[in-house]
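Here the structure is laid out as structure tokens; the discussion comes afterwards.
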Amino acid sequence: MARGKDEGGRRDRDRDRDENELIEKLVGINRVAKVVKGGRRFGFAAIVVVGDGKGRVGHGAGKAREVPEAIRKATEQARRAMVRVPLREGRTLHHDIIGHYGAGRVVLRAAKPGTGIIAGGPMRAIFESLGVQDVVAKSIGTSNPHNMIKATFKALTAMVSPRLIASKRGKKLSEILGRRDETKEGAARA
């Protein structure tokens, strides 16, 4: 019996440690007013991005009468909705990709070491929380943070690692990556 309690306690400590290591970024707060008989009632909507800096990230939105409560709700939702994104060398994306959501369209491109995060607004918060160090991103269309975040997440969840492609095709990883090197050699010869 005592062993089961220790294991449960250890799991709780691990979960607490994981939660403490998460990076939380507040993307935006919006104040909204509802007109009622006695005047206006104000409410707040918050958008938060949460990540571990090692390839996991999530986003959430919360609404409440007070700012701290809205942020807390958004953070809880973001923690529950975390997704894993495959990264190349733990610093950039595996390939270029386009994401759409509503009127929002984002273009995400892998970058060379030392490039940094070239992205604006909500996308920057996502990449910093995700742990990406080198990326070039462009938002086309709407600048609405909700749509930009959702379009970026659609693109990131569609990201596929070469290892997964190799296993699906029944090939070795070197065969998949070797083709990329061959195309570079062919371009250099031309």
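The values are calculated or read from the model by the stated rules, or taken from the named source; none is laboratory data. What you see is a predicted model; the values in this text were computed from it and never measured. In this analysis, Cβ positions are derived from the backbone assuming ideal geometry, glycine residues included, and neighbour counts consider all displayed protein chains.
Brief remarks follow.
- Condition met for residue 137 (touching a Leu at 6+ places or on another chain (Cβ under 7 Å) and surrounded by fewer than 18 Cβ atoms within 10 Å (Cβ to Cβ)): no
- Taken as a whole, the condition of being over 12 Å from the mean Cα position of the chain (by Cα), touching a residue at least 60 places away in the same chain (Cβ under 8 Å) and buried (at least 17 other Cβ atoms within 10 Å of the Cβ) applies to residue 97.
- Residue satisfying all of: in the range 116-128; of a type outside the set (Gly, Ala, Ser) and not in a strand (DSSP E or B); surrounded by the most Cβ atoms within 10 Å (Cβ to Cβ) among these: 126
- In the range 129-188, the residues that are in a helix (DSSP H, G or I), touching a Pro at 6+ places or on another chain (Cβ under 8 Å) and at pLDDT 90 or above: 145, 148, 149, 152
To keep it simple, each residue is scored yes or no on (1) exposed (fewer than 15 other Cβ atoms within 10 Å of the Cβ); (2) in contact with a strand residue (DSSP E or B) (Cβ under 6 Å, 6 or more places away or on another chain); (3) modelled with pLDDT under 95.
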position	(1), (2), (3)
11	yes, no, yes
16	yes, no, yes
40	yes, yes, yes
61	no, yes, no
69	yes, no, no
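- Flag for residue 29 being at pLDDT 65 or above and out of contact with any Gly (no Cβ under 9 Å at 6 or more places or on another chain): yes
- Within the range 68-95, the residues that satisfy the criterion of being of a type in the set (D, E, K, R) and either assigned to a helix (DSSP H, G or I) or more than 18 Å from residue 128 (Cα to Cα) (or both) are 69, 72, 73, 76, 79, 80.
- Checked against the criterion of being aliphatic (A, V, I, L, M), under 18 Å from residue 30 (Cβ atoms), modelled with pLDDT under 95 and not assigned by TED's automatic domain parsing to the domain that holds residue 32, the candidates 125, 119 yield just one match: 125.
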